[in-house]
Amino acid sequence: SSDDSTIKVWDLTRDSSGSNGVTHTLTGHSHGILGLWLHPDLSSPTVVSGGFDAMIRIWDISGDGPHGTCVRSMAGHAGPIVAIEADRDRILSTSFDGTLRVWRWDGQEALSIDAHNGQSSGLAIVDEGYGIAAGVV
């Protein structure tokens, strides 16, 4: 998570050359970041983020420059987003508003579930989206 509203991506195999291995710094959120997902296949370098501004952002970090590109922003939660997960078909998010939301990669909200009476704090996808677990503080 981040209090300065930025996301940093590191390459731990790279000679840091004074940058501590930071390959990209992503800016665009207006408040701190709480939830992050990084595509596990680095040939598709994508980051999905969410935080206190209640926005989900999809980032392309395929370029060689120090900044990624925000390719999509999604709004729908009424509170800070605390957890993000994704698979090849969808993005899932939980929020302090107690909802679990399912998004398509094109940015459209596919489903909103009133998941908890409290603040959701964790999220996991099991077996490519066939099972979902969300936790509460």
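The values are calculated or read from the model by the stated rules, or taken from the named source; none is laboratory data. Please read all numbers here as calculations on a predicted model, not as lab measurements. Glycine gets a Cβ as well: all are built from the backbone with ideal geometry, and neighbour counts include every protein chain shown. Note: accessible area is taken over every heavy atom of the protein model, side chains too, but ligands, DNA and RNA are not part of it. Shrake-Rupley method; radii C 1.70, N 1.55, O 1.52, S 1.80 Å.
Tabulated values for the structure
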{"item": "Pairs where the first residue, in the stretch 98-110, is under 18 Å from S49 (Cβ atoms) and in contact (Cβ under 8 Å) with a residue 24 or more places away in the chain and the second is assigned to a loop (DSSP other than H, G, I, E, B) and open to solvent by 60 Å² or more (accessible area, probe 1.4 Å), C-beta under 8 Å, 6+ apart", "result": "W105/D89"}
{"item": "Some residue of the stretch 107-117 being under 24 Å from D41 (Cβ atoms) and open to solvent by less than 20 Å² (accessible area, probe 1.4 Å)", "result": "yes"}
{"item": "Hits in the stretch 39-69 - residues which are hydroxyl-bearing (S, T, Y) and within 10 Å of the chain's Cα centre (by Cα)", "result": "T46, S49"}
{"item": "Qualifying residue in the stretch 22-37 (condition: more than 16 Å from the chain's Cα centre (by Cα), surrounded by 11 or more Cβ atoms within 10 Å (Cβ to Cβ) and at pLDDT below 80)", "result": "no"}
{"item": "Checking T99 against (1) modelled with pLDDT under 90; (2) closer than 24 Å to K8 by Cβ; (3) crowded, with 17+ Cβ neighbours inside 10 Å, the condition it does not meet", "result": "(2)"}
